[in-house]
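First up is the structure itself, then whatever we jot down about it.
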Amino acid sequence: MASLEELAQQPDPGGRDDGGGSQRLMDPEKLYDLWENQHWRSQEIDFSQDKDDWSRFTEDQKDHLIWVLGSNYIGEERVSTQFAGLLTAYADHQEEAFLATQQVDESRHMVFFDRFYNEVIGMEGDDTAARIANAREVMNDSFVKLFDEELGEANRRLLDNPSDMEAKVDFVTVYHMVIEGTLALTAQKFSVDYLEEHELMPGFVEGFENVGRDEHRHVAYGTWFLQQTAGQDESLASRMQNKLQELLPVAQGVLVPTGQDPEDFEILGYSSQEINEFAFSSLSRRLKAIGVPLQPGENGGERDADEADS
Ligand SMILES: [Fe+2]
Ligand SMILES: [Fe+2]
């Protein structure tokens, strides 16, 4: 078994550059151990330099950053309040312990973003709910479809019937594969790259990197769960494929800034092609580890024999 130090070095299978097939997947027990080893405190992040940097941005730069970071702020509120269904659907105590850590993480992420929006951006609103309502004004229809309708419905179905395995596979596909694995980690990577390259807002970068490390742990759980379920059962695999086919175009729409061409847009100087390629190659590596290709009949999703018993 890998030591905690070794585990702490392992990102989720979508974050690896080795094709994703050479390491065994971490199970909930190992992911729980990793969580105990990767604590951070959102209240301790120092935003003083960030406030100076923000005050020097042009109005255009501010609007652009508010749009880019807004989907993460509101997204964290959505995923922290729409997680309870999965918490009730645990199969054993190891999974229950890990899922409880994810609930805490998502709330910590929401608190971190709310602090940033309140203290650095100066978003109008006396409390979190009022600030979130104001930040929501720039979200597009794809965001509403994915985070309000699809995620809300997946959560309700699990709350209604926690032992419904199809509902659990749907939930993890929407939440861990599409929202976290495809969208959140992509937005995190390009935002942090941009801010680091321009030496801007170091407090936010530190916090967002911590958020990203938590998200890799969450997505690692989702990859493990889908490998154990959809990876072993044809009807669950086809359910997962259908859900991905339905929601990936919606997820792609979430990233398109208002007024820009959905086929050819730019965020913080990165092209839509660059962004979509990163998101899709990360998803492909996870699907390979799960053992379910994006399209029925593709070979790319077949799992290596040596990782089948992770
Ligand atoms: Fe999160
Ligand atoms: Fe997460």
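Angle between the Cα long axis of helix 93-116 and the longest principal axis of the chain, 0 to 90 degrees, nearest 10?
10
When the helix-only estimate is applied to the chain (DSSP H runs of n ≥ 4, each -39,500 (n - 2.57), divided by the residue count), what is the mean residue ellipticity at 222 nm, nearest 500 deg cm²/dmol? Mind showing how you got there, number by number?
Working: 13 runs with 181 residues, N = 310.
Roughly -19000 deg cm²/dmol at 222 nm, from the helical runs in the chain.
P(r) tail for the chain, what percent of Cα pairs lie past 24 Å?
Values: 24517 of 47895 pairs.
So the portion of pairs separated by more than 24 Å is 51 percent.
Only four residue types carry charge here, +1 at the Cβ of Lys and Arg and -1 at the Cβ of Asp and Glu. Report the dipole size of the chain about the Cα centre in Debye, rounded to the nearest 20. Don't jump to the answer; show the numbers that get you there.
Working: 25 positive and 63 negative charges, 100 e Å.
Roughly 480 debye, rounded to the nearest 20.
Give me Rg over Rh for region 76-185, both radii from the alpha carbons and Rh done the Kirkwood way, two decimal places. Mind showing how you got there, number by number?
Numbers: Rg = 14.9 Å, Rh = 14.9 Å.
Rg/Rh for region 76-185 comes to 1.00.
Give me the lysines in straight-line cross-link reach of LYS62: C-alpha distance below 18 Å, same-chain residues under 8 apart excluded.
LYS51
Normalising by the residue count of the chain, find the relative contact order in percent from Cα pairs under 8 Å and 6+ residues apart. Walk me through the intermediate numbers first.
Values: 388 pairs, mean separation 85.5, N = 310.
That works out to 28 percent.
What percent do you get for the relative contact order of region 68-127 when only Cα pairs under 8 Å and 6+ apart count? Don't skip to the answer; put the middle values down first.
Numbers: 26 pairs, mean separation 24.0, N = 60.
Computed value for region 68-127: 40 percent relative contact order.
How high is the relative contact order of region 115-171, in percent, counting Cα pairs under 8 Å that sit 6 or more residues apart?
On the way: 23 pairs, mean separation 10.6, N = 57.
So the answer I get is 19 percent.
Taking the alpha-carbon set of region 44-129, what are its Rg and Dmax in Å?
Calculated on Cα positions, Rg and Dmax stand at 16.2, 52 Å.
To the nearest Å, what is the center-to-center distance of region 223-256 and region 71-100, using C-alpha atoms only?
18
What do you get for the angle between helix 59-81 and the principal long axis of the chain? Use alpha-carbon atoms, 0 to 90 degrees, nearest ten.
Here the helix axis deviates by roughly 40 degrees.
Please express the shape of region 163-280 as an equivalent ellipsoid: the semi-axes are the square roots of 5 times the eigenvalues of the C-alpha gyration tensor, given largest first in whole angstrom. Mind dumping the intermediate values first?
Numbers: eigenvalues 174, 68, 18 Å².
Ellipsoid semi-axes (Å, largest first): 29, 18, 9.
Let me know the longest stretch in the chain that avoids all GluC sites (Glu not before Pro) found in a DSSP loop with at most 10 other C-beta atoms within 10 Å. Don't jump to the answer; show the numbers that get you there.
Values: sites that count: GLU199, GLU263.
The segment 1-198 is the longest one with no such site.
Could you work out Rg/(2.2 N^0.38 Å) for region 221-284, with Rg from alpha carbons only? Mind showing how you got there, number by number?
Working: Rg = 14.9 Å, N = 64, 2.2 N^0.38 = 10.7 Å.
Working it through for region 221-284, the quotient is 1.39.
Every read-out reported here was derived from the displayed coordinates using simple, explicitly stated rules and does not represent laboratory data. Note that this is a predicted model, so its numbers are computed, not measured. Neighbour counts run over all protein chains shown; Cβ positions are idealised from the backbone, glycine included.
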